[in-house]
Amino acid sequence: MSPVEYCQLYIDGEWREAASGDRMETIDPTTEAAITTIAKGSEDDAAAAVEAARRCADSKDWARMPATERHGLMMTIADIIERHADEFARCETLDMGKPIQFARSIDAVLLAELFRFYGALAADPEGAARSVAPPPDHALRQVMTVREPVGVVAAITPFNFPLLLAASKIAPAMATGNAIVHKPASATPLSAVRLAMAFEEAGLPRGVYNLVTGPGAELGNALVEHEGVDKIAFTGSTGVGKGIIAKSADTVKKVTMELGGKSAHIVFADADMESAVQNAVFGIFYNKGEICTAGSRLLVERRALDEVLSALTAAAEALVIGDPLDPETFLGPLASESQLKKVESYVKSGLDAGADLRCGGERTEPASLDGKGWFYKPTIFLGTNDMAIAREEIFGPVLTVIPFDDEADAIRIANDTEFGLASGVQTSDMAKALRVANALEAGVCWINSYNYFDVSVPFGGYKRSGFGRECGRATLEAYTQMKSIWLPAIEETR
Ligand code: NAD
């Protein structure tokens, strides 16, 4: 049974059907059956949500809520999430096939931590004052610089970490007094409904958080083009992100972009091979490879290539694939049939380009599931950096191993990509690791680990992987604008 039985839009503190009355199914990728139905919002509903958020932002009551009260509210939200952590985890598992062991130990935990972290910062708003004596009179004046909310934030989020990528926008937006319209991915709306229920239970003022579910392009476009939206916080593919950047120019919206990746994970021959292989496996197959930071290009020093390939293949073939609700499962189904088709077409392109398939390369049907589910075997190719499987984001359990000769060669290949989201280095030589980390064009580099995240650590991309950072204190800048208030000249007493 789903933790959320009946899903509606949440606008202006009320649950409601779409203006059209239409509903759509949300599908469980494990059973290929509908989990439940959800309101199918349209442009009219997006407009209603923006208007509610606008009223909330313009009234200033929310923006000027005392810091201790805002802090208390966000801590209450975190408490509620923790109390219902199993339900939140279950939503993600049902809706996108994320294995419950990770949904419960990573997604549900970091979700509460995001509200605690930004709730703590909300208790301590930043501001500054300074003395200046500018020309022409050089009289002494004092200036206060204060941070104000940007106003209405549209949060547009993808299907692969529905809760975390929503909360990494909603929590800092709330902490800084903005009103929010959230549009989750059309395939994975369930957990956003559960989150709205938590906000309602916590007593969040009406209009602060508004949820619209429905077709991505229609709702997304409506938000991007709406005059009443001040900022777009987007996580998704580079293609959709480019379109949003172009369209948001008309109304000069502030935008932050967390986009795609094709991250290089470098294994030097001097690495502790057992842990390097474990990290490589977690780097690409965690979350079924449906993760923006996926270490999908594994660069291996040529003299260790055979050893790495055979250990890697054995580890990939040993991964437990099956029902994501089973706590033993490591690999669940891909989130949708379209993801499965995309993976199949990239595997075909790899084979057509002459890449050497070392394992996987086909669908699989876990016995307990009666032939149902969009499961795909962990797949490893030995290839080259010019193949489409090494240049384009596949967003599935497909790894391309690419040999290199020395440190300079590894850096050259790693940076030979349009993306710049993440990277990894496996070596026992820390000086080399730091040299390489500094040379890599990517927003994050894990040394002797991979795919670790913390709510206090800034995260985001270089190059076409986007701009702006999520998590950490620096994000608050993206949700505020700075105002300088000049006080009259100070008359000196003699
Ligand atoms: P997507 O770009 O297809 O969709 C992202 C969101 O945009 C969804 O809510 C979707 O409904 C909406 N959307 C679709 N068309 C739109 C339009 N024309 N205007 C406005 N919004 C529109 O991405 P996805 O398939 O859901 O997610 C996978 C992608 O997200 C991958 O490329 C992945 O790398 C990226 N991603 C990046 C990060 C990061 O932090 N950099 C994190 C997770 C995922």
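Side notes on the structure shown:
- Residue match in segment 235-256 (condition: closer than 27 Å to E148 by Cα and open to solvent by less than 10 Å² (accessible area, probe 1.4 Å)): yes
- Within the set A171, A166, A187, the sole residue that is in contact with a strand residue (DSSP E or B) (Cβ under 9 Å, 6 or more places away or on another chain), within 16 Å of the ligand (Cβ to nearest atom), under 30 Å from I80 (Cβ atoms) and assigned to a helix (DSSP H, G or I) turns out to be A166.
- Yes/no for T76 being open to solvent by 50 Å² or more (accessible area, probe 1.4 Å), modelled with pLDDT of 95 or more and out of contact with any Ser or Thr (no Cβ under 6 Å at 6 or more places or on another chain): yes
- Test: E51 is open to solvent by 30 Å² or more (accessible area, probe 1.4 Å), part of a helix (DSSP H, G or I) and either in contact (Cβ under 8 Å) with a residue 60 or more places away in the chain or over 30 Å from G332 (Cα atoms) (or both): yes
- Yes/no for G228 being of a type outside the set (A, V, I, L, M) and near the ligand (Cβ under 9 Å from one of its atoms): no
- Among the residues of segment 16-31, the ones that are open to solvent by 50 Å² or more (accessible area, probe 1.4 Å), out of contact with any helix residue (DSSP H, G or I) (no Cβ under 8 Å at 6 or more places or on another chain) and either farther than 16 Å from T213 by Cβ or not in a loop (DSSP other than H, G, I, E, B) (or both) come to 4 in all.
- Once segment 400-439 is narrowed to residues that are touching a strand residue (DSSP E or B) at 6+ places or on another chain (Cβ under 6 Å) and of a type in the set (G, A, S), the residue that is nearest to the ligand (Cβ to nearest atom) is A422.
- Number of the condition not met by V320 [criteria: (1) modelled with pLDDT of 95 or more; (2) more than 27 Å from the chain's Cα centre (by Cα)]: (2)
- A442 being within 16 Å of the ligand (Cβ to nearest atom) and either among the hydroxyl-bearing types (S, T, Y) or closer than 30 Å to F102 by Cα (or both): yes
- Filtered residues of segment 287-315 (kept if within 12 Å of the ligand (Cβ to nearest atom) and surrounded by fewer than 22 Cβ atoms within 10 Å (Cβ to Cβ)): I291
- Scanning segment 231-253 for residues that are of a type in the set (V, I, T) and within 10 Å of the ligand (Cβ to nearest atom) yields I232, T235, T238, V240, I244.
- Selected residue [in contact with a Pro (Cβ under 6 Å, 6 or more places away or on another chain) and polar (S, T, N, Q)] from T329, T313: T329
- Residues (of a type in the set (K, R) and within 31 Å of the chain's Cα centre (by Cα)) located in segment 116-146: R116
- Test: residue in segment 126-148 that is assigned by TED's automatic domain parsing to the domain that holds M96 and touching a helix residue (DSSP H, G or I) at 6+ places or on another chain (Cβ under 6 Å): no
- Residue count for segment 134-153, restricted to those that are open to solvent by 80 Å² or more (accessible area, probe 1.4 Å) and without any contact (Cβ under 8 Å) to a residue 40 or more places away in the chain: 3.
- The set of residues in segment 193-225 that are aliphatic (A, V, I, L, M) and within 10 Å of the ligand (Cβ to nearest atom) comprises A217, L219, A222, L223, V224.
- Strands (runs of 3 or more DSSP E) lying entirely in segment 399-494 (those with 1 or more residues that are surrounded by 16 or more Cβ atoms within 10 Å (Cβ to Cβ) and of a type in the set (A, V, I, L, M, F, W, C)): 422-426, 444-447
- First in segment 246-266 and of a type in the set (G, A, S), second anywhere and more than 10 Å from the ligand (Cβ to nearest atom), Cβ under 6 Å, 6 or more apart: S248/V255; S263/G295; S263/S423; A264/R297; A264/L299; A264/A414; A264/S423
- Total residues in segment 1-35, condition in contact (Cβ under 8 Å) with a residue 60 or more places away in the chain and at positive phi: 3
- For G177, the conditions (1) part of a loop (DSSP other than H, G, I, E, B); (2) within 13 Å of the ligand (Cβ to nearest atom); (3) in contact with a strand residue (DSSP E or B) (Cβ under 6 Å, 6 or more places away or on another chain) are fulfilled apart from (2).
The values are calculated or read from the model by the stated rules, or taken from the named source; none is laboratory data. All of these numbers come straight from a predicted model, not from anything done at the bench. For neighbour counting, all protein chains shown are included, and Cβ atoms are generated from backbone atoms with ideal geometry for every residue, glycine included. Just so you know, the surface numbers come from the protein's heavy atoms only, side chains and all, with ligands and any DNA or RNA stripped out. Shrake-Rupley method; radii C 1.70, N 1.55, O 1.52, S 1.80 Å.
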